[in-house]
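Okay, structure first, notes after.
The values are calculated or read from the model by the stated rules, or taken from the named source; none is laboratory data. As the structure is a computational prediction, the values presented were derived from the model and not from experiment. Cβ placement follows ideal geometry from the backbone for every residue including glycine, while neighbour counts extend to all protein chains displayed. Only protein heavy atoms, including side chains, enter the accessible area calculation; ligands, DNA and RNA are left aside. Shrake-Rupley method; radii C 1.70, N 1.55, O 1.52, S 1.80 Å.
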Amino acid sequence: MGLYAGPGMATRVASIAGLGVRGRAVPRAGLAAVVAACLALGLLSLAAPTTPTYDPWAWLIWGREILHLSLDTRFGPSWKPLPVLITTVFGLAGGAAPALWIAVARAGGLAALALAYRVARRLGGGVTGGLLAAVCLAVSTDFLRFAAVGDSEGLLAALLLAGVDLHLTGRRRAALWACFGAALLRPESWPFVGAYALWVAWREPSARRLVAGMTFAGAVLWFGAELWGSGNALRAGQRAHDPNPNALAFADHPALEVIKRFDSMMPLVAEIGAALALVAAAVRKRLDATGALALAAAAWIGVVAAMTESGFSGNARYLVAPVTLACVAGGAALGALALRTPRPALAAALALATLIPAVAVRVDDLGSDGRSVRDEARLMDSLTTAVRAAGGAHAVTRCGSVTTGPFQVTALAWKLHSPIRGVGLHARAPGTVFRPALVPAGPVGPDEQGFRTVAQSGPWQILSTCVAPRPH
């Protein structure tokens, strides 16, 4: 699968939908080598504080349930086929599954950064453009944190950029597979993946059967799995219309808030570069590949804005894909501009100097993100001990209802070997309550409904109506 580029490839012309791009400074590392290196780093990162967040715990539970032919998706986040396909395989590893998923999610984030550099350089931005794209993506709001806690956005960004990279080397079928993976992660990708698939089918009649097969498989994996797990093929979309109270969907002008959120996530230098790519395309009256990526980013924002107006939450995770495309387009445009100046070395130095303020304004946020990841990992590690302190998973579930805070439901369900519906938010007697330190006043008081404190484990207080043995 390597993409070694010899001297002859450095001058060949690639195309996106017929848009000419001269390949300059083509990266020499094969795509397979990039993926392998990122997976190795993802595994090494497990030495740092490690825990999934809410959605990944649900994917892990669903993967385990598929192995037991007992899928139940009636509760929890929206369904995403690709993560659950992966966690189903990881379910064979038992208790190691959460760490394996975290390694893959982090590898996806690292691969996205490597591919941002690779694609921006391949589009003519040179080393300068590649560095601008990769650093801007790394410091964009929440990108690294999402990858660190196991969200799938890093993997989505990596698959999209892999598709672009493979297309630029003429490997359209491989690019289709990368796009198909992206389509199994976020429905917002469907218009873009669909358009590319139709273009490939038009240009290469032999690929039409593959496109048709992917379309059918995608429908089965998105809607068929939900029909099996919940009895409602459209449950994922309906769940996404049930946003948190602080979601952008509740703003006075949700679409405008989406644009503001995108602007707040993007480093200014990347925004300027992406705008430059669009302006250059308008002046030339020709949309090159860099301009096409910038236009795709803008169109993707439009899709998210329209969805938010219709009631979807519009949170930051929905915007990681357009942020990625805009960073790559912006980096490539500014890098190419630097190379065309009379003094390219000086122009490149000035362009890279713009990264200093971009990084400086995010230093405190990156530190806060790191502490958040560490604290969440400690909380979840202590939850395992808390379950043992409450008498073990069997004793807890046998006692009656199980209750915890809203963001710990899926983690507790995983540790209790329970479906997500087995853990609730409102205490009922008889039962057990796992009160995290993050919820000091709830969900019940120690004297309410007959609940009393039976154990304390790290940041967790366990209340129960049953007699729970204390650990020796």
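In table form, for the structure just shown:
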| item | result |
| --- | --- |
| Net charge, Glu65 excluded, C-beta distance under 12 Å - Lys, Arg +1, Asp, Glu -1 | +2 |
| q = 0.10, 0.17 Å⁻¹, segment 209-350: log10 I(q)/I(0) [Debye, one scatterer per Cα] | -0.49, -0.99 |
| Helix-derived mean residue ellipticity, 222 nm - over the chain, DSSP H n ≥ 4, -39500 (n - 2.57), to 500 | -18500 deg cm²/dmol |
| Farthest positive-ward along the chain dipole, Cα basis, beta-carbon charges - from Ala390, Ala175, Leu43 | Ala175 |
| Net charge, Lys415 excluded, C-beta distance under 13 Å - Lys, Arg +1, Asp, Glu -1 | +1 |
| Degrees between helix 81-90 axis and first principal axis of the chain (Cα, 0 to 90, nearest 10) | 60 degrees |
| Pair Leu234, Ala48: separation of 7 Å Cα→Cβ label points (nm) | 4.2 nm |
| Read-out semi-axes √(5λ) of the Cα gyration tensor in Å, derived from the coordinates shown; its label in (1) 36, 27, 22; (2) 91, 18, 17; (3) 43, 24, 20 | (3) |
| Check: segment 154-302 dipole with +1 on Lys, Arg Cβ and -1 on Asp, Glu Cβ, in debye | 640 debye |
| Partnerless Cys - the chain, beta-carbon criterion under 4.7 Å | Cys38, Cys179 |
| Net charge dipole size for segment 43-126 [Lys, Arg +1 and Asp, Glu -1 on Cβ; Debye, nearest 20] | 420 debye |
| For Trp460, distant residues with modelled amide H under 5 Å away | none |
| Solvent accessible area, Å² - Cys179, 1.4 Å probe, full protein context | 20 Å² |
| Rel. contact order, % - alpha carbon contacts under 8 angstrom, at least six apart, the chain | 17 percent |
| With Cα atoms, 0 to 90° folded angle of helix 320-340 axis to the chain main axis | 30 degrees |
| Relative contact order %, segment 208-298, counting alpha carbon pairs below 8 Å whose residues are six or more apart | 12 percent |
| With Cα atoms, 0 to 90° folded angle of helix 208-219 axis to the chain main axis | 30 degrees |
| Under 14 Å, Cβ to Cβ, from Ala306 - net charge with Lys/Arg +1 and Asp/Glu -1 | -3 |
| Dipole of the chain, positive direction: furthest Cα of Val283, Gly95, Ala233, with charges on the beta-carbon | Val283 |
| Rounded to the nearest 20 debye, dipole of the chain from Cβ charges on Lys, Arg, Asp, Glu | 1360 debye |
| Overall Cα dimensions of segment 23-119 - principal axes, largest extent first, Å | 51, 29, 21 |
